[in-house]
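Participant: Before anything else, here's the structure in question.
The values are calculated or read from the model by the stated rules, or taken from the named source; none is laboratory data. Here the structure is a predicted model, which means the values were calculated and not measured. All Cβ positions, even for glycine, are placed from backbone atoms using ideal geometry, and neighbour counts span all protein chains on display. Calculation scope for accessible area: heavy atoms of the full protein, side chains included, ligands and nucleic acids excluded. Shrake-Rupley method; radii C 1.70, N 1.55, O 1.52, S 1.80 Å.
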Amino acid sequence: MTLPTVEHETGSSPRYSIIWLHGLGADGHDFAPIVPELVDPAWPALRFVFPHAPVRPVTINNGMSMRAWYDIIGFDARAPQDEAGIRASIAAVGTLIEREHARGVPSERIVLAGFSQGGAIALSAGLRHAEKLAGIIALSTYLPISATLAAERSAANAATPIFQGHGSADPVVALPRGTASRDALQALGYPVDWHTYPMAHAVCAEEIDDLRRWLGQRLA
């Protein structure tokens, strides 16, 4: 089943796609307003795809149901992980990538992006994807089910560029979780473009400027 999505095209017959995953409790509309701030008019036509995560109970929020890419049992790095939920979301992202193929955009012109929980899925799905991607954007996030990555990672994406941004005062995904994930990715040889910003669990104008420069290189 293909997840429902919000979509924005910056021109006719998009040549590139950016699949952007929202954070816990948000939905596909959350990052849609970023498009006019982020996009350089000189870029080729892009399709932004903002999927809605399924609704599920979330343990950390007293079992309340909300849109979530997987259950979160605890924010501590040692808390158990919802591996089944993470893998289901990885598969859902694979289906979205296949849909872009069907619409004429090959893998190597697709960027996977995500914020917080969405960024965790962008990393896990992108690094395991069998075909080369244009890049991965991971904002205010961490690398889940990291113990299996070395065995499961795709050779096609062994050198895929990664943009990682994190707030120095993030109270949700603490900065050390972000830096530990960066270090784990670099230890496996991934080219990580790492940035910190004086902010909490958010996105700031400076980060969008840095992302515009980074994406411009991927879309050149």
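Participant: Give the residue that is modelled with the lowest pLDDT, with candidates limited to residues of the stretch 34-64 that are of a type in the set (S, T, N, Q) and surrounded by 12 or more Cβ atoms within 10 Å (Cβ to Cβ).
Facilitator: Asn61
Participant: Answer yes or no as to whether Gln164 is under 24 Å from Arg109 (Cα atoms) and either exposed (fewer than 15 other Cβ atoms within 10 Å of the Cβ) or of a type in the set (A, V, I, L, M, F, W, C) (or both).
Facilitator: So Gln164 fails the test.
Participant: Which residues, counting only those in the stretch 181-220, are part of a loop (DSSP other than H, G, I, E, B) and either acidic (Asp, Glu) or touching a residue at least 60 places away in the same chain (Cβ under 8 Å) (or both)?
Facilitator: Tyr190, His201, Ala202, Val203, Leu219, listed by residue number.
Participant: When you check Gly165 against the structure, is it touching a residue at least 24 places away in the same chain (Cβ under 8 Å), in a strand (DSSP E or B) and under 25 Å from Thr95 (Cβ atoms), yes or no?
Facilitator: Here the answer is no, as Gly165 does not meet what is asked.
Participant: Among the strands (runs of 3 or more DSSP E) confined wholly to the stretch 1-83, which include 2 or more residues that are in contact with a helix residue (DSSP H, G or I) (Cβ under 8 Å, 6 or more places away or on another chain)? Walk me through how you get there before you give the answer.
Facilitator: On the way: elements: 5-9, 16-21, 46-51, 55-58, 64-67.
Output list reads 5-9, 16-21, 46-51.
Participant: Can you find, within the stretch 65-89, the residue that is least open to solvent (accessible area, probe 1.4 Å) among those that are of a type in the set (Gly, Ala, Ser) and touching a strand residue (DSSP E or B) at 6+ places or on another chain (Cβ under 6 Å)?
Facilitator: Ala68
Participant: Residues that are surrounded by 18 or more Cβ atoms within 10 Å (Cβ to Cβ) and polar (S, T, N, Q): does the stretch 90-102 have at least one?
Facilitator: no
Rundown of residues vs (1) more than 22 Å from Leu211 (Cα to Cα); (2) not in a helix (DSSP H, G or I), yes/no style:
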{"residue": "Val105", "(1), (2)": "no, yes"}
{"residue": "Leu112", "(1), (2)": "no, yes"}
{"residue": "Leu123", "(1), (2)": "no, no"}
{"residue": "Ile136", "(1), (2)": "no, yes"}
{"residue": "Leu143", "(1), (2)": "no, yes"}
{"residue": "Ala156", "(1), (2)": "yes, no"}
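Participant: Given the condition closer than 26 Å to Arg218 by Cα and free of Cβ contacts under 8 Å to residues at least 60 places away in the same chain, answer yes or no: does some residue in the stretch 51-71 qualify?
Facilitator: Initial filter on the stretch 51-71 (closer than 26 Å to Arg218 by Cα): 51-52.
When the remaining residues are screened for being free of Cβ contacts under 8 Å to residues at least 60 places away in the same chain, the result is 51-52.
Yes, there is a match, as at least one residue in the stretch 51-71 is closer than 26 Å to Arg218 by Cα and free of Cβ contacts under 8 Å to residues at least 60 places away in the same chain.
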